[in-house]
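Single-structure report; data block below.
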Amino acid sequence: EKVDGRRVGVYPLTAENAAVIREVFPFAAPARLPAHLPSFGCGDRLGLANPGHLRALRGFRVAPVLAQQSVRELNLTGRSFTQVIDAATWAVLQEGYEGGFGADGDHLKTLAEVRMALAAGMSMITLDLSLCLGATGLPSCPSVLLGWAGQSFNLNGREVVLTEKTIEDFWRVYGAALSFIREADVLCREYRGAEGYDLEISVDETPEETRLEDHLLFGLEMERLGIRPFSLAPRFPGEFQKAVDYRGDLKRFEAALSSHAFLARRFGYRLSVHSGSDKFTVFPVVGRLTAGRFHLKTAGTSWLVALGVVAVKDPALFRRLYAKAVSSLAEAKKYYHIDTGPADVGPIDALPTAALPELLRDDRSRQLLHITYGQLLTDPELGPAFFRLLEGEEEAYYEALGEHFRRHFRTLGIPEEGSPFPA
C-alpha cells in the first residue's frame, strides 16, 4: 500500500517481526544502561504503557528500563519475558526513540529463572536473594572472609571494626547467596559476554534492615570474586509498601541511605530503590544523597494510572473491576505484603460516579487495586473489556502517564536539560 506517495509494507506486530526490527535497528533492542545517568525502571504489566513512559522522559537526563518484569508478574498476567521485550521494541519504534533502554528480569530467585530471562534477551538481571538467606547446611565460614577480622573501616564517618562474630553472622545469612551470585554471574557472561549485562543484587525483601557491615562484606567479596554489580538494593528502614508513599522515620531512612550510598560509591555501583512507585516523601533524599547515582524501580503505578483512565471513561467497567478486586484480595495477598485487608475495602455501588477517580488517591483502594492486577487482567470478561477501552483511549492514557512520571522525575531531582531523544 502507499503512504504519502511511498510504497510501504504493513506487517503484524508478531514476535518474529519484533526480532527482525531489533536486528535491523539496534536502538530497538535492550542494552546496558549508561553509567553517567540515573536509571529508572518503568514496569509495564500491560504491554501498552511504554509510549507514555517515553513521552514522560522527554527532556529528562535519565536512562529508562522499558522492559521490566518479575517471574511473579509474568505468572500472574500470563506473559513471557519475550512479550515484555517485544512491547518495548514496538514502543521505541512508535515514538521514534533511539536513546537506548534496558530490559530487567526482575526478582529472579533461581538459576533456572536467570537462564530464562537471559535466553529471552534481558540485558539486566536482578537477583533476589530471599530464597538463599539463612540457608542451612553451610560449611564453616571460609578463611578468606575471616581474614577481614580485626580490620577497621571508616563508613561515612563511622569507624567500623569487623569482628569474627560479625563475619560469621554474615556468612550464616548470606553464604548460600554468594554462591548463587557467582553462578548467576557466570550465566550472564555466557549469554551476553563480560561487558553485555547489568547485574543487580537485591536484599530488600527481608524483614531486617541491611546492616552496613553486611553491605561492606558484600562489596569486599564481590571485589575479590571479580563480580561488578551495576546496583545493589538494600533493605532500608521503614516500609516501602506497594502503591503508597514511604512509611517510616525519614531521618532514620536518610541516615541509612547516606551510609549505603557511601559504600556504593566505594565499590563502584549504584543504590537501587525497589517498590519505588509514588514514594514522593523520600525521592528528594534519594536524588540528593546518591548524587544522581541511583536506580529506582516502579511497576504497578502504570497499571493504577490505567485504572484512573477507566474510572473516567467507563465508570461501569471500573465498578466491575473494583468488585472483582475486592473478592480477589485474599488470594492476591499470598503474593504481596500490604497493610490493606478485607475490612478496609468494600462495595462502591453507592459511590457517585464523579467520586470514582478519587479512589485512585486513597491508600487502601490503591493497594487493593495494585496487587489484584493478575486476577483482573486474566478474567475472561473483564480483561478483554479493559484492554479494549485502554486501546481506544491510548492518548488519554499516555497523557496521564506523562503527568505522573514527570512528577517522579522532578521530585527525584533528575535534570531536565538535555535528553537522550533525537532532535
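A few points about this structure:
- Shape category assigned to segment 1-87 from the gyration tensor of Cα positions, a/c cut at 1.5: oblate
- For the chain, the dipole from Cβ point charges (+1 on Lys and Arg, -1 on Asp and Glu) about the Cα centre works out to 460 debye, to the nearest 20.
- Relative to the longest principal axis of the Cα atoms of the chain, the long axis of helix 164-192 lies at roughly 50 degrees.
- Share antiparallel - DSSP beta bridges, the chain, percent rounded to 5: 20
- The long axis of helix 300-313 is offset from the longest Cα principal axis of the chain by roughly 20 degrees.
- Rolling a 1.4 angstrom probe over the protein heavy atoms with all chains in place gives segment 222-348 an accessible area of 37 Å² per residue.
- For M116, solvent-accessible area (1.4 Å; no DNA, RNA or ligand), Å²: 90
- Listed by chain and number, the aspartates and glutamates whose C-alpha is less than 14 Å from the C-alpha of K251, apart from same-chain residues fewer than 8 away, are E239.
- Dipole of the chain [Lys/Arg +1, Asp/Glu -1 at C-beta], most positive-end residue of G238, A87, T206: G238
- Rounded to the nearest 20 debye, the dipole magnitude of segment 280-333 is 80 debye, with +1 charges on Lys and Arg beta carbons, -1 on Asp and Glu beta carbons, and the Cα centre as origin.
- The equivalent ellipsoid that matches the C-alpha gyration tensor of segment 280-346 spans semi-axes of 31, 17, 10 angstrom, in descending order.
- Local charge for I85 was computed over the other residues whose Cβ lies under 12 Å away, with Lys and Arg +1 and Asp and Glu -1, and equals -1.
- Computed over segment 217-265: relative contact order in percent, which uses C-alpha pairs under 8 Å that are six or more apart: 31
- Environment charge at R320 (Cβ cut-off 13 Å; Lys +1, Arg +1, Asp -1, Glu -1): -2
- Gap separating the Cα centres of segment 132-174 and segment 288-310, nearest whole Å: 34
- Listed values (1) 33, 25, 20; (2) 37, 26, 20; (3) 37, 23, 20 include one computed from this model; for semi-axes √(5λ) of the Cα gyration tensor in Å that value carries the label (2).
- When only Cα pairs below 8 angstrom with a gap of at least 6 residues are kept, segment 141-203 shows a relative contact order of 21 percent.
- Relative contact order %, the chain, counting alpha carbon pairs below 8 Å whose residues are six or more apart: 20
- Cα long-axis angle, helix 394-411 against the chain (0 to 90 degrees, to the nearest 10): 30
- For segment 278-423, the gyration tensor built on C-alpha atoms gives a prolate shape. Its axis ratio a/c (a ≥ b ≥ c) is at least 1.5, and a/b is the larger of a/b and b/c.
- Dipole check for segment 283-423: with +1 at the C-beta of Lys and Arg, -1 at the C-beta of Asp and Glu, and the Cα centre as origin, the magnitude is about 500 Debye.
- Shape of segment 92-185, Cα gyration tensor, a/c cut at 1.5: oblate
The values are calculated or read from the model by the stated rules, or taken from the named source; none is laboratory data. Computed from a predicted structure; not experimentally measured. Positions of Cβ are backbone-derived with ideal geometry, glycine not excepted, and every protein chain shown enters the neighbour counts. Please note that ligands, DNA and RNA were not included when accessible areas were found on the heavy atoms of the full protein model with its side chains. Shrake-Rupley method; radii C 1.70, N 1.55, O 1.52, S 1.80 Å.
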